[in-house]
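The values are calculated or read from the model by the stated rules, or taken from the named source; none is laboratory data. Being a predicted model, the structure only gives us computed values, none of them experimental. All Cβ positions, even for glycine, are placed from backbone atoms using ideal geometry, and neighbour counts span all protein chains on display. Heads up: the accessible areas ignore ligands, DNA and RNA and are worked out on the full protein's heavy atoms, side chains in. Shrake-Rupley method; radii C 1.70, N 1.55, O 1.52, S 1.80 Å.
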Amino acid sequence: MDFSQTFKRIGLDFKALNVAAAPPLGGRDHLRLRTLVFLRWLAIIGQTGMVLLVAFGFGYEINVGLCLAIIAASVWLNALLMLGGRSRSQLKDWEAAVQLGFDTLQLAVLLGVTGGLNNPFCLMLIAPPTVAAANLPTRQGIAVIGVALLASVSLFFWSLDLPWHEGQSLYLPPMYRIGFLAALLIGIVFTAGYAWQAALEAKRMEQALEATRAVMEKEHRLSALGGLAAAAAHELGTPLGTIQVVAKEMMLALDKDDPLHEDAALLVSQSKRCRDILKTLSQQPETVDEVYDQMPLRAFLEEVAEPFQHFGKTIHIDISMDGANSSAITIKRRPEWLHALSAFVENAVDFAATQVWIRVDIFDAHVALSVEDDGAGFSAEILNRLGEPYVSTRHSDVKAQLRHKPGGMGLGFFIAKTLCEYSGAVVSFGNRASPDRGAFVKAMWRRDQMQISGLEL
C-alpha cells in the first residue's frame, strides 16, 4: 500500500525520510576496532588456557611451544593495533574483513596442530564468519565466510594428531570425519546466514520505526501551531489596537482634503483587518484543547474517510452500541489514530471492488474498530507476513497496482499497526467469512484507552 499520499496532506514525503529498504549485508554500522580487539583478547585467553589445561592439567602430549607461538601471532596483532592509537575508531569494511580473515586462519592453524577435525573445538570456526555476516557488506562478508569454509576443508586433508595419552592415538573412521566436515560447513553457512538475516531485519525494522517517529513528530509539530497562533493573536492584539487608535486620531486631526487623510484611513482599515484575522485565529478549534481534543465520533470517522470519497468506492460508516445515541458520543482526536485509520481505509479503498465499511462497536469494556472491503482479500502468503515492514501486496489487482507509485516501501500498514499498538490496541486482520468477499482489519481498545465520552460506562 502506498501510504505516502496520505501523509502528503501534512507535508511529509517519505522520500525525504531516506528510509529505503536496506540492501542485503549492506549499509550496516561499521565495526569498531575496539570490538574486534576485545573479542580477540577473549580468544587469546581461551586458547591459552585450553592449551595449558590439556598439557599440564590432563597430561596429554601437545606441542605447547608451537601452540603458544601461533597464539602469540594474535597477541602481536592486538598489541600493534592498540599501540597504533586507533582502538576507538571505526574500521573500514575491508579492514574488518582482513582482521576477521586473520582470526579465522589463526584458529584454523591452531586446530591443525591439535588434531584438525578430530578436535571438538573446530566448532569455534563458526564465530568469525558469523560476526562478518552480521556486520559487513556482502562482498567482505562472503570473503570471510569463504576463508572459513576453505580452512575447514583444509583441516580434513592436513592436521597433526590429536593430543592423547602417551603411546596412544585416537583414530576416527574417514566417514565420520567426512560427516563432521559436512556438519561444520553447514553450520558455518547456516549460522552466518541466520546472523545476516537477523541483522537485516533489525535494520529494516529500525528504519520503519524511524519513519513512524517522523510521522508523529511532524503531526505533533503541526498540532502545536494552533497554540502558537493563539499566542501570536494574543501578543499582537495589543500593539495593533494601539496602532489603530493612533491612526484614528491622525485621521480625525487631518482635513479630508489633506493627502495624508487617505493614508491614515488606510492605516485604520488595515489595522482593523489584522485584528479581525488574529481574532479568527484565536477562535480556531486548535486553540481550545477541551473542545478540539474531543470531537463527535462520527465526525472523526468522516474526517478519516473524506480524502478517499472520490476514488470511485462507497465508504459506509456504522456505529453500533447498546441503547445509546451515536451523535452524543465523542472521542479524543489523537494524531496516531487519525493516521492509522487513514492508512487502513486507504488500503481498503485500493483493493475494494465497490464497497468499504468503517465499523465501530462499543461494548461495556472495549471498543472495536474495523475496516472492511469487498475486494479479493489477503493472499495466504501475504497474510502470514502482514504487519511487518515492507510488505505491500494483496491478491493481484491491476487497478490498485496502477494507483501505486513506483518505489513504494510498503510501510503504510506497518506504521498504522504500530501506531494503534502504541496506543494500547490489539490489531488483527484476515479475510471476511464466506459468503462475504474481501479483507478486514480490526483494532480493539479498552474503553478507558479510547477515551470515548458521551456514554455512561
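Couplings 3J(HN,Hα) for region 345-354, derived from phi with the Karplus relation 6.51 cos²θ - 1.76 cosθ + 1.60 (θ = phi - 60°), are 5, 4, 4, 5, 5, 4, 10, 6, 7, 9 Hz, where x marks Gly and Pro.
Between Ser434 and Gln168, the modelled label-to-label distance comes to 6.9 nm, taking each label 7 Å out from Cα in the direction of the beta carbon. Solvent-accessible area of Cys122, all protein chains in place: 0 Å² (probe radius 1.4 Å, heavy atoms, ligands and nucleic acids excluded). If the segment from Ser423 to Thr138 were pulled out straight at 0.36 nm per residue, it would be longer than the present Cα-Cα gap by 98.7 nm. Remark: accessible surface ordering of His339, His366, His310 (largest first) is His310, His366, His339, probe radius 1.4 Å. Inter-part distance, region 97-139 to region 254-272, computed on C-alpha centroids, equals 89 Å. Stretching Gln355 away from Arg447 to a fully extended chain increases their span by 30.3 nm, per 0.36 nm per residue minus the current alpha-carbon distance. The solvent-accessible area of Lys332, taken with every protein chain present and a 1.4 Å probe, is close to 50 Å². Here region 91-147 has 76 percent of its accessible surface on carbon and sulfur atoms, given a 1.4 Å probe and all protein chains in place.
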